[in-house]
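Notes follow once the structure below has been shown.
The values are calculated or read from the model by the stated rules, or taken from the named source; none is laboratory data. This is a predicted model, so every value here is computed, not measured. When we count neighbours, we look across all protein chains shown, and the Cβ atoms used for this are built from the backbone with ideal geometry, even at glycine. Note: areas computed on protein heavy atoms with side chains; ligands, DNA, RNA excluded. Shrake-Rupley method; radii C 1.70, N 1.55, O 1.52, S 1.80 Å.
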Amino acid sequence: MKIEALAKLFPIKTGASENPADLNFESQGHPFHIAKNELTQREISLFNDVLFQAKTLDFDRLTHGTYRVIQFKSQGFSEIAENLSLIFPGIVKVKQITPTYGIAIEKMSAERLSEGEIKQVLGTLTQDLGVKCDYYLGLFADQTELSTLYPTEQNNFDHGLSFSESLIKAGLGQVTSPPLNKIKQGLLTDVEAQDLITQLYQHDGNQLKTAKAMYIHRNTLTQKIKKFERQYGLTLSGSDLVLLYSLI
């Protein structure tokens with residue numbers, strides 16, 4: 001059935017949608033979407049299973065080996081995608097899924113960069129391109145495990161969590177501790193403390209970079225840190241900083 005004929009029956013819109021409440025599909029190589037609340041469950045199944053097969057990432061088509069999925073969010077994903085093979089020597093596939101989200105699949109190799117090197121190179125690239133980019137480095141896993149691992153990593157990325165952060169948060173949810181609950185309740189309404197923790201964590205505890213990002217003098221930052229540590233009894237470095245970031 002041609003898309004023009006379907007458009008007479010359903011409120012189909014041109015282009016891909018990032019709204020999880022919308023159904024994305026392709027027809028003759030062109031992206032379209034429709035709000036799921038405009039369809040019955042039977043019609044959703046019709047779109048997915050009969051008219052248009054849901055887009056898959058085809059992990060099963062990869063040759064046997066160890067891979068990881070690297071996720072990107074950027075308004076300039078297409079420009080970044082053109083340079084990924086220069087940064088990740090083992091790239092075997094790059095796929096744009098929405099206008100601002102895409103993935104790269106990297107095969108493990110001895111030439112792969114460390115996470116620190118990747119952060120530095122991607123930072124330089126995005127600065128040169130004049131675009132902002134968030135990324136998530138997945139875990140290397142056997143090709144047969146990727147289809148199970150990817151949804152978990154996608155959820156972590158959507159919530160701004162690394163693999164270790166997601167485990168810490170899950171673990172903290174199982175802990176019953178009056179001191180911990182007191183700290184968490186205090187942070188809940190302390191917006192200034194939340195910002196301080198976030199900035200320090202995102203800049204790896206580097207106070208010079210943190211002060212610059214917060215547009216304050218380094219001495220002012222030092223005073224804020226001292227005030228925080230006196231109030232909460234935890235340091236804004238090392239494992240304490242990881243714990244605090246996981247609480248907010």
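The table that follows gives values for the structure above.
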| read-out | value |
| --- | --- |
| Check on K209, over 22 Å from Q120 (Cβ atoms), of a type outside the set (V, I, T) and either surrounded by 14 or more Cβ atoms within 10 Å (Cβ to Cβ) or at pLDDT 90 or above (or both) | no |
| Long-range neighbours under 8 Å by Cβ, at least six apart or interchain, first residue among the aromatic types (F, W, Y) within segment 79-105, second open to solvent by less than 40 Å² (accessible area, probe 1.4 Å) and part of a strand (DSSP E or B) | F88/I70; F88/A104; F88/E106; Y101/Q71; Y101/F72 |
| K107 touching a Gly at 6+ places or on another chain (Cβ under 8 Å) and either more than 13 Å from Q71 (Cα to Cα) or surrounded by fewer than 15 Cβ atoms within 10 Å (Cβ to Cβ) (or both) | yes |
| Residue count, segment 116-143 (criterion: more than 18 Å from S78 (Cα to Cα) and either in contact with a Lys or Arg (Cβ under 7 Å, 6 or more places away or on another chain) or touching a residue at least 40 places away in the same chain (Cβ under 8 Å) (or both)) | 7 |
| Among (1) open to solvent by 60 Å² or more (accessible area, probe 1.4 Å); (2) more than 21 Å from the chain's Cα centre (by Cα), the one test that L236 misses | (1) |
| Residues that are touching a helix residue (DSSP H, G or I) at 6+ places or on another chain (Cβ under 9 Å), surrounded by 11 or more Cβ atoms within 10 Å (Cβ to Cβ) and modelled with pLDDT under 70, drawn from segment 25-51 | L51 |
| Unmet requirement for T98, which otherwise passes all of (1) more than 30 Å from H30 (Cβ to Cβ); (2) open to solvent by 20 Å² or more (accessible area, probe 1.4 Å) | (1) |
| Flag for G130 being open to solvent by less than 10 Å² (accessible area, probe 1.4 Å) and of a type outside the set (D, E, K, R) | no |
| Verdict on Y201 being closer than 17 Å to I168 by Cα, surrounded by 16 or more Cβ atoms within 10 Å (Cβ to Cβ) and either within 29 Å of the chain's Cα centre (by Cα) or of a type in the set (S, T, Y) (or both) | yes |
